[in-house]
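Q: I have a structure I would like to understand better, so I am pasting it below and will then ask my questions one at a time.
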Amino acid sequence: MKEERLAKYPFNLLKSLIPTKITRNPIYIIIAVLIIVAFATVPFFIDVDTSYFAYYLFLCFLYIIIAQGWNVVAGYAGQISLCQNTFFGLGAYTTGLIWLYDVTKTGYYFDPVVMVLSGLVPVILAIIIGIPLLSRLRGDYFAIGTLGVQFTVTVLILRGGAFTRGADGLHLPSVVFESMTPYYWTGLLLALFAVAVVYFITRSRIGLALRAIREDETAAASRGVHVLQYKVFAFAVGAFLAGIAGSLFAYYLFHINPDSVMHLNWLFFPILMCVLGGNGTITGPIIGAFFLAALSSFGSVYFPQTHPIFSGLLVILVMRFMPTGIIGLKDRILSRR
Amino acid sequence: MGEFGIITQVLVNGILFGTMYGIAAIGLSLIFGTMRIIFFAQGVIIIFFAYICYWLFTLLGIDPYLSLILIIPISLLLGMGFYYGLFKEAAALEQREVSLLIAIGLLWLVENAMMVVWTPNPRTIVTAYTSWVLELGGLIISFTRLIALLIALLSAVGVFVFLKRTRIGTAVRAASEDMESTTLMGINPNWVNAVTFALGIGLAGTAGVAFATVYSFDPMYGFTFVIMSVIALAFGGFGNVFGALLGGIILGVLQSGASFFVSAGWADAICFGTFLLVLMFRPQGLFGKKV
């Protein structure tokens, strides 16, 4: 019986991706289109290669991709995953390894095949570890388990010997670098893709199921939601987005080592962006990403040493005084009347 | 010293280091019991108190062990302050990720503040008795490590007696079983949470002093410490005082054994791997009863 259900699963999944309700309010569509157009015209007005602002936007796009991934896992499905940086790093490493070992025989630099593969490798890891972890561990135990996965993978890469080249990492041929413009465009495109993915997931049956799991797992299961499948699906989506972001960052960095791409900042910052903006909403992580990336860029320029202190303080203050984030603030003000 | 002697020495070192994880794990276990969160800042708080101990020693010349008289009350108060200042609202919200993120924010804040104040360079406390060594049948145990072990055991016993013999201790135990029913019995949940936080941070203070006298420490070590304590906690089973201590000792032995027999680089991977296996197949801990 289980096999039968699994055989039907891909079909069910596709069917459930069809949105049940798309917003019909034209104002939102107009605003969304205007914002996209505004970002798309930025390279025509400012010089992307020299401007710090363009770099800042590139960073925002990267963070939006990862944060939307975490948003699906934690914001919608309610599973606090603490290994997004591993997926990010794995994506970067996949790109680097494919390039260095000449695997796919394609162009490598900004090659869609490589980027998709870099997204899929973390997905494979997410499925392999997700099925045992998500079926056995709930809540905090899952968070701790993903933390264990994170450290195991980091140590494995550090100890990978000649294959991963240990702590020194991979050096990609940086001669191919010409300009920042393709980074900007790819970043924007992928960020739009990430937002669209989350939008379609949340507006479909899958999103409904994920939210049901977040609110009450037992109740969701008793209504016929296959809890494990949906949780693993959400986990895999998060892994895919983080992996693709990692691939893009690998093209930017050219030197991939565990310290740079597996850094805990790639875990904490996206989480912080989600909760700051409003977890479990689509615009929340976007607002959070722009706000926090601005704060941290500003901090690293003017207070290079002390700015992480303020990031920590900010998390505490936000969580202490507005646990529902910037988006939730609007509701709170409205409900106060 | 023969082969056997080396193995015993590795074992003893593991046990002595493991008690540090154990004492941190007891604190985590208490806070997890009532608040249901992993208090990720525990490790940096331990290192913070190690630095306080270091300052008391270098600036004021107070003996590290004597400074316990000062550090224990401060840490107890700090724990209570943490609860009332930071976690009270989040605990009432019943959204545990909020408390979890506050703990992570605290980790970040304290770690980076320590980097600025004390620089990332490792520090050690060197006293007159740091180099004292006891030789027991070929084993070499330093005096400070033995005292650290003693401090860890005493605080574990202290917490155990507090939980078993006092009224508020009983309330804490009841709250870890079922917070809602405990509240219905007329126990103030805030007070129970504040007491567990005080105990947890108090243990962190004691562990900080014990750690500072034996090992060198730097701000970044706090995160590693809390991860190791979480592993110790998983080994011992959540919500079990002596289990947590024993889990810490097992982890210490595993770590020192793995770094001796395999290699120091792989030791961490072995610990995390074992941790994942324990979490999967015995989530109730190695000594816990199956629920």
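The values are calculated or read from the model by the stated rules, or taken from the named source; none is laboratory data. Note that this is a predicted model, so its numbers are computed, not measured. Don't worry about glycine lacking a Cβ; one is built from the backbone with ideal geometry, like all the others, and counts go over all protein chains shown.
Q: Quickly run through the range B:101-119 and pick out the residues that are among the small types (Gly, Ala, Ser), touching a helix residue (DSSP H, G or I) at 6+ places or on another chain (Cβ under 6 Å) and crowded, with 21+ Cβ neighbours inside 10 Å.
A: Taking the range B:101-119 and keeping what is among the small types (Gly, Ala, Ser), we get B:103, B:105, B:113.
Of the ones still in play, those that are also touching a helix residue (DSSP H, G or I) at 6+ places or on another chain (Cβ under 6 Å) are B:105, B:113.
Correct list: B:Gly105 only.
Q: Output the residues belonging to the range A:262-294 that are facing chain B (nearest Cβ under 10 Å), surrounded by fewer than 24 Cβ atoms within 10 Å (Cβ to Cβ) and within 20 Å of B:Gln95 (Cβ to Cβ).
A: Scanning the range A:262-294 gives a single hit, A:Phe268.
Q: Same structure, new question: In the range A:127-139, which residues are free of Cβ contacts under 8 Å to residues at least 12 places away in the same chain and either of a type in the set (S, T, N, Q) or within 10 Å of chain B (Cβ to nearest Cβ) (or both)?
A: First, pick out the residues of the range A:127-139 that are free of Cβ contacts under 8 Å to residues at least 12 places away in the same chain: A:128, A:132, A:136-137.
Within the range A:127-139, A:Pro132, A:Arg136, A:Leu137 meet the criteria.
Q: Checking B:Tyr51 against (1) at pLDDT 90 or above; (2) buried (at least 23 other Cβ atoms within 10 Å of the Cβ); (3) among the aromatic types (Phe, Trp, Tyr), only one condition comes out false. Which one?
A: The one condition B:Tyr51 does not meet is (2).
Q: Across the range A:295-331, what is the number of residues that are away from every other protein chain (no Cβ under 13 Å) and either free of Cβ contacts under 8 Å to residues at least 24 places away in the same chain or in contact with a strand residue (DSSP E or B) (Cβ under 8 Å, 6 or more places away or on another chain) (or both)?
A: Quick first cut of the range A:295-331, residues away from every other protein chain (no Cβ under 13 Å) only: A:295, A:297-298, A:301-302, A:326-327, A:329-331.
Now narrow it down to the ones that are either free of Cβ contacts under 8 Å to residues at least 24 places away in the same chain or in contact with a strand residue (DSSP E or B) (Cβ under 8 Å, 6 or more places away or on another chain) (or both): A:295, A:298, A:301-302, A:329-331.
Number satisfying all stated conditions: 7.
Q: Between a residue in the range A:149-170 that is farther than 24 Å from B:Ile231 by Cα and any residue that is part of a loop (DSSP other than H, G, I, E, B), which pairs come within a Cβ distance under 8 Å, given they are 6 or more apart or on different chains?
A: What qualifies is A:Gly166/A:Arg159; A:Gly166/A:Gly160; A:Ala167/A:Asn257; A:Asp168/A:Asn257; A:Gly169/A:Asn257; A:Leu170/A:Thr164; A:Leu170/A:Asn257.
Q: Say whether the condition of being closer than 30 Å to B:Ala128 by Cβ, surrounded by fewer than 16 Cβ atoms within 10 Å (Cβ to Cβ) and of a type in the set (Ser, Thr, Tyr) is met by at least one residue in the range B:54-66.
A: Yes, some residue in the range B:54-66 is closer than 30 Å to B:Ala128 by Cβ, surrounded by fewer than 16 Cβ atoms within 10 Å (Cβ to Cβ) and of a type in the set (Ser, Thr, Tyr).
Q: Please determine, by comparing only the residues of the range B:73-109 that are of a type in the set (Asp, Glu) and under 17 Å from B:Asn190 (Cα atoms), which one is nearest to the other protein chains (Cβ to nearest Cβ).
A: Keep residues of the range B:73-109 that are of a type in the set (Asp, Glu), which gives B:89, B:94, B:97.
Next, only the ones that are under 17 Å from B:Asn190 (Cα atoms) stay: B:89, B:94.
Numbers: B:Glu89: 7, B:Glu94: 11 Å.
Checked the range B:73-109; the qualifying residue nearest to the other protein chains (Cβ to nearest Cβ) is B:Glu89.
Q: From the list B:Leu149, B:Leu184, pick out the single residue that is closer than 30 Å to B:Leu59 by Cα and either surrounded by fewer than 24 Cβ atoms within 10 Å (Cβ to Cβ) or polar (S, T, N, Q) (or both). Step through it out loud before you land on a result.
A: Numbers: B:Leu184 fails: closer than 30 Å to B:Leu59 by Cα.
It is B:Leu149.
Q: On to the next question. What number of residues within the range B:246-284 satisfy the criterion of being in contact with a Ser or Thr (Cβ under 8 Å, 6 or more places away or on another chain), under 13 Å from B:Ser229 (Cα atoms) and more than 11 Å from chain A (Cβ to nearest Cβ)?
A: Residues meeting the conditions: 3.
Q: Considering only the range B:1-54, how many residues are assigned to a helix (DSSP H, G or I) and within 14 Å of chain A (Cβ to nearest Cβ)?
A: Just the residues of the range B:1-54 that are assigned to a helix (DSSP H, G or I), to begin with: B:3-35, B:42-54.
Then keep just the ones that are within 14 Å of chain A (Cβ to nearest Cβ); that gives B:25, B:28-29, B:31-35, B:42-45, B:48.
Number of matching residues: 13.
Q: If you don't mind, another one. For B:Ala244, indicate whether it is surrounded by 20 or more Cβ atoms within 10 Å (Cβ to Cβ) and closer than 25 Å to B:Phe57 by Cβ. Show your work before the answer.
A: Values: surrounded by 20 or more Cβ atoms within 10 Å (Cβ to Cβ): yes; closer than 25 Å to B:Phe57 by Cβ: no.
When the stated conditions are applied, B:Ala244 does not pass them.
Q: Okay, next question. Which numbered condition in (1) surrounded by fewer than 23 Cβ atoms within 10 Å (Cβ to Cβ); (2) under 21 Å from B:Met114 (Cβ atoms) is the only one that A:Phe254 fails?
A: Looking at each condition in turn, A:Phe254 falls short on (2).
Q: Only one residue in A:Gly130, A:Gly69, A:Gly78 is surrounded by fewer than 24 Cβ atoms within 10 Å (Cβ to Cβ) and within 23 Å of A:Asn279 (Cβ to Cβ). Which one?
A: Matching residue, one of A:Gly130, A:Gly69, A:Gly78: A:Gly78.
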